[in-house]
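Colleague: The structure under discussion is supplied below as structure tokens; questions concerning it will follow.
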Amino acid sequence: MSESEADGVLAARWLPAGTFEGQRAVVTGGGTGLGLEISRGLCALGARVAILSRNPEHHAPLLAEAERCGWQVRAIVVDVREPDTIASAAAELQEAWGGVDILVNNAAGNFVCPAERLSTNAWRSVVGIALDGTFFCSREFGRAMIHAKAGQILNVVATYAWTGMPGVVHSASAKAGVLAMTKTLAAEWAPHGIRVNAIAPGPFESKGAGLNLWPEEEIQDVLKRLIPLGRFGTNDEIAAQCLHLLSPASAWMTGECLVIDGGSTLPRPFWEPGQRVRSKRK
């Protein structure tokens, strides 16, 4: 991949060409949304990438781009809630590539629902994908990383994992668990040369989020007014930070969670900028 070709992948333009040359990466949910941009960035910077998702239709865009660009991409149908399918994918990649250096746990599910109306199946589905799936993938690919004495894992969480947010108790609970898992595995696996970090995006432009979390323009406008920088993030902006965390520039960083949210988790002011606050002291 030449520098000029890599320039077409916005998330990759901040790192040197060949940053991930020779690296083997797995991205769950890697065919759509943020996962797709992370996968494209890794490919453009030299990595071999395997995308795992339940729906094979989600694989088509990256596979088509890989054929045009000469990227090495594999697509495997996997349900991250099912450990056996993950084990099968890991065995396939071990045979084809000899192992995996990078795991990005990006697969998730979310929608807005009041807690008192949330069904048992809905709870289990979201927690199963985001929390169970992250552990099952980390355990399976982590075993090989432990044997190799090297590797890194990046988990995609959300800022409401610690702030909470009405309507997403299933996702917030799952992501809070993933954040605890990130720190725990980072401490446990550091002696094996494995780094484990997380990234917590705030609201960003995504087809899935747009359909499930802010489907109406009025809701989007309210959310944007709560973000100090005044807009949603973009897939490539979030993906760029993921690539940086996976790059050698972050080689001494583990057990951390990078927040990229346009300032939306900063405290709200007691007064509006420009407003004069008058003291009532006599």
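Colleague: Got a sec? Charge dipole of segment 24-260, +1 on Cβ for Lys and Arg, -1 for Asp and Glu; which of 161, 203, 99 is way out at the positive end?
Modeller: 99
Colleague: Which distance in nm do the two modelled labels at residue 234 and residue 97 give, with both placed 7 Å along the Cα-to-Cβ direction?
Modeller: A separation of 2.7 nm, rounded to one decimal place.
Colleague: Once you have a ≥ b ≥ c as the square roots of the Cα gyration tensor eigenvalues for segment 106-192, tell me rounded if a/c is under 1.5, and otherwise prolate or oblate according to whether a/b is larger than b/c.
Modeller: Prolate is the answer for segment 106-192, as a/c is 1.5 or above and a/b outweighs b/c.
Colleague: Roughly what percent of Cα-Cα pairs across segment 34-191 reach past 29 Å?
Modeller: Result: 20 percent of Cα pairs exceed 29 Å.
Colleague: Let me ask something additional. Compute the distance in nm between two label points, each set 7 Å from the Cα along the Cα-to-Cβ direction, one at residue 82 and one at residue 54.
Modeller: Taking the simple label geometry, residue 82 and residue 54 are separated by 1.0 nm.
Colleague: Something else now. Taking a quarter of the surface of the convex hull around the Cα atoms of the chain, what do you get in nm²?
Modeller: Mean orientational projected area (the chain, Cα hull): 18.3 nm².
Colleague: Cα gyration tensor of segment 1-92, axes a ≥ b ≥ c as square roots of the eigenvalues: rounded (a/c below 1.5), prolate (a/b > b/c) or oblate?
Modeller: It comes out prolate by the Cα gyration axes.
Colleague: Related question: Please work out the FRET efficiency for the pair residue 120 and residue 163, using the Cβ-Cβ distance as r and a Förster radius of 25 Å; give the result to the nearest 0.05.
Modeller: Efficiency at R0 = 25 Å is approximately 0.45.
Colleague: Hey, another quick one. Measure off 7 Å from each Cα along the Cα-to-Cβ vector at residue 271 and residue 148, then give the distance between these two points in nanometres to one decimal.
Modeller: That separation, rounded to one decimal, is 5.7 nm.
Colleague: Across segment 24-260, how many lysine pairs separated by 8 or more positions, or lying on different chains, have Cα atoms within less than 25 Å?
Modeller: 5
Colleague: Could you state the number of Å between the C-alpha centres of segment 154-198 and segment 47-111?
Modeller: 21
Any read-out appearing in this document is the output of simple, stated calculations on the displayed coordinates, not a laboratory observation. The structure displayed is predicted, hence computed values, not measured ones. FYI the Cβ positions are ideal-geometry reconstructions off the backbone, even for glycines, and counts take in every protein chain you see.
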